[in-house]
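Working notes, beginning with the structure itself.
Derivation of every value follows stated rules applied to the coordinates shown; laboratory data play no part. Remember, predicted model here, so these are calculated numbers, not experimental data. Please note: Cβ atoms are built from the backbone with ideal geometry, for glycine as well, and neighbour counts cover all protein chains shown.
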Ligand SMILES: Nc1ncnc2c1ncn2[C@@H]1O[C@H](COP(=O)(O)OP(=O)(O)O)[C@@H](O)[C@H]1O
Ligand SMILES: [Mg+2]
């Protein structure tokens with residue numbers, strides 16, 4: 001048996017968070033995300049998922065504990081985010097919105113020159129099924145398409161870690177399922193390390209390698225459960241008895 005020693009992409013140790021004099025929101029949260037791994041954090045509304053993601057991003061500071069982000073080369077890791085609401089620029093078309101992800105990363109020298117950048121944007125549009133909509137404006141495309149643009153924009157900077165906060169929860173069920181399949185394929189293709197927070201157990205099972213199950217008041221990690229099905233996951237897996245069994249197991253953990 002061979003052992004591969006890699007640097008974890010993300011290590012949280014004993015994270016606690018208290019806002020002012022309120023009861024603690026997070027308590028003793030520890031977890032590790034490996035390079036290339038897709039981790040889901042699932043838990044009831046209000047258990048502190050968004051707060052935890054904000055702490056990982058550095059938008060908020062933990063009251064206790066540490067966050068360590070590392071790349072294998074030792075460079076400063078790039079993070080991208082996808083939120084529930086597509087925050088597209090209405091006066092930019094789809095292509096420009098995706099390219100805007102690169103503007104945000106200006107100065108980081110991700111691409112050598114303009115043609116390399118243009119190629120990268122074209123590839124992302126292709127990968128996310130948006131090529132045909134490149135010249136459309138956000139109000140001319142559906143909510144599902146808008147979220148695709150958000151994903152493409154987040155991937156444009158070639159993030160070391162992609163963070164997703166309830167990215168599909170505003171979409172109707174059919175659009176959501178379709179997008180989950182496509183995102184599973186896209187993420188496997190680009191191999192980005194990912195952290196998804198969601199209250200949707202099914203979504204967590206479908207997309208992730210491991211699931212951290214949270215309980216509330218205060219938010220703690222109750223258990224970390226592996227999902228063994230091969231990635232990328234398919235439509236068959238989405239409606240399989242295996243997925244339903246996993247879903248039920250986690251549902252029980254949350255409702256004990
Ligand atoms: N800036 C803040 N000030 C005070 N309380 C906050 C703040 N942000 C979040 N909270 C509280 O922290 C708890 C967890 O919120 P949140 O992280 O948004 O949960 P989730 O994303 O799991 O639904 C909630 O009770 C919320 O009211
Ligand atoms: Mg939230």
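Computed quantities for the displayed model
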item: Förster-model FRET efficiency, 30 Å R0, residue 72 and residue 13, C-beta, rounded to 0.05; result: 0.90
item: Sequence-separation-based contact order of segment 12-157, relative, with Cα cut under 8 Å and 6+ spacing, percent; result: 24 percent
item: GNM result for the chain, Cα springs below 10 Å: residue of 231, 189, 78 fluctuating most strongly; result: 189
item: Fraction of the pair-distance distribution of the chain above 28 Å, Cα-Cα pairs, percent; result: 35 percent
item: Principal-axis tilt of helix 94-104 within the chain, Cα atoms, nearest 10 degrees; result: 60 degrees
item: Helix 173-190 axis, angle to the chain major axis (alpha carbon atoms, nearest 10°); result: 80 degrees
item: Neighbour-count order for 171, 89, fewest beta carbons within 10 angstrom listed first; result: 89, 171
item: Sorted by Cβ density within 10 Å, fewest first, the residues 222, 54; result: 222, 54
item: For segment 111-215: rounded, prolate or oblate by the Cα gyration tensor [a/c cutoff 1.5]; result: oblate
item: Angle in degrees between helix 114-127 and the longest Cα principal axis of the chain, rounded to the nearest 10; result: 60 degrees
item: Relative contact order of segment 81-159, defined on C-alpha pairs under 8 angstrom at six or more residues apart (%); result: 54 percent
item: Among 115, 87, 131: highest mean-square fluctuation, GNM of the chain, C-alpha pairs under 10 Å; result: 115
item: Whole-angstrom gap from segment 192-215 to segment 16-52, using each part's C-alpha centre; result: 13 Å
item: Net lengthening on full extension, residue 139/residue 116 (0.36 nm per residue, minus Cα-Cα); result: 5.4 nm
item: Mean shadow area of segment 1-80 over all directions, Cα convex hull, nm²; result: 6.6 nm²
item: The chain, relative contact order in percent, only Cα pairs under 8 angstrom and at least six apart counted; result: 27 percent
item: Span per principal axis, largest first, for the Cα atoms of segment 187-239 (Å); result: 36, 25, 16
item: Sorted by Cβ neighbour density within 10 Å, fewest at the top, the residues 139, 27; result: 139, 27
